Amino acid sequence: MKLSLPANHAEYNLIKDCVCQKREAQKRFYNRFAAQMFGVCLRYAHDYQQAEDLLQEGFIKVFKNLDKYRGEGSFEGWIRRIFVNAAIEQFRKNQHMLPVHDLQIVNNLSVRNEALTNLAVEKLMGFIQALSPGYRTVFNLYAIEGYSHKEIAGMLGISEGTSKSQLARARYILQRVILKNQESKYESILQSS
């Protein structure tokens, strides 16, 4: 086993013990990163159960590949990338995306930022989870993970145009759901006055 030394010596020892398959170290490792990685899984999963399955799959991949960590960059970032790739792999097994043809119409719509600032994170996560798998995956990769359309196209085996149209459609749907939510919130306030 040849591991590069991460910036944190305790982190190195934890990785080394996990590579040596020490159960207590694997448990500490899981407890340290599970909550953060579950958040990543929730963004890509359709529901809580699917996120739990993705979390398990992601940790299996992390433990299998820990000896390949080279100590370059953030260790948490390295783990996160494995989880994102596991989510993409699961998506690719189950879905086929078709381009959305009304991209020009969607591009002409404006987003109301004030609606987003008043929206709770949990509620927004629920709206994102309600998107179809294709829209949700492209939205997460582009808007949250920061990948370009070219990178997304390569990861998902689609064209850049399809990536762009999926993102535009996801934004359009989210905008409509958020605005509808805001309108119903204001209506209930007015009715209670």
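The values are calculated or read from the model by the stated rules, or taken from the named source; none is laboratory data. Quantities reported herein were computed from a predicted structural model and do not represent experimental measurements. Neighbour counts run over all protein chains shown; Cβ positions are idealised from the backbone, glycine included.
Just to be sure before I move on: is LEU156 surrounded by 15 or more Cβ atoms within 10 Å (Cβ to Cβ) and modelled with pLDDT of 80 or more in the structure I sent? Give the derivation first.
Working: surrounded by 15 or more Cβ atoms within 10 Å (Cβ to Cβ): yes; modelled with pLDDT of 80 or more: yes.
The answer is yes for LEU156.
Pairs under 8 Å by beta carbon, first residue small (Gly, Ala, Ser) in the stretch 131-150, partner exposed (fewer than 15 other Cβ atoms within 10 Å of the Cβ), six or more apart or different chains?
GLY134/GLN95
When you look at TYR69, is it at pLDDT below 90, surrounded by 18 or more Cβ atoms within 10 Å (Cβ to Cβ) and either more than 19 Å from ALA143 (Cα to Cα) or among the basic types (Lys, Arg) (or both), yes or no? Step through it out loud before you land on a result.
Numbers: at pLDDT below 90: yes; surrounded by 18 or more Cβ atoms within 10 Å (Cβ to Cβ): yes; either more than 19 Å from ALA143 (Cα to Cα) or among the basic types (Lys, Arg) (or both): yes.
Answer is yes for this residue.
Considering the stretch 78-95 alone, what residues qualify as being exposed (fewer than 14 other Cβ atoms within 10 Å of the Cβ) and over 13 Å from the mean Cα position of the chain (by Cα)?
LYS93, ASN94, GLN95
Would you mind telling me which numbered condition in (1) surrounded by 13 or more Cβ atoms within 10 Å (Cβ to Cβ); (2) modelled with pLDDT under 90; (3) within 15 Å of the chain's Cα centre (by Cα); (4) of a type outside the set (Asp, Glu) LEU179 fails?
Here LEU179 clears every test but (3).
Looking only at the stretch 116-144, filter to residues that are more than 21 Å from ASN94 (Cα to Cα) and outside any helix (DSSP H, G or I); which one of those is modelled with the lowest pLDDT?
The selected residue is ASN118.
Hey, can you tell me all the residues within the stretch 30-49 that are under 17 Å from TYR135 (Cα atoms) and either crowded, with 18+ Cβ neighbours inside 10 Å or touching a Ser or Thr at 6+ places or on another chain (Cβ under 7 Å) (or both)?
First, the residues of the stretch 30-49 that are under 17 Å from TYR135 (Cα atoms): 40-47.
Passing the criteria: VAL40, CYS41, LEU42, ARG43, TYR44, ALA45.
Can you spot a residue in the stretch 4-21 that is outside the structural domain of ASN140 (by TED's automatic domain parsing), buried (at least 17 other Cβ atoms within 10 Å of the Cβ) and closer than 30 Å to LEU131 by Cα?
No, the stretch 4-21 contains no residue that is outside the structural domain of ASN140 (by TED's automatic domain parsing), buried (at least 17 other Cβ atoms within 10 Å of the Cβ) and closer than 30 Å to LEU131 by Cα.
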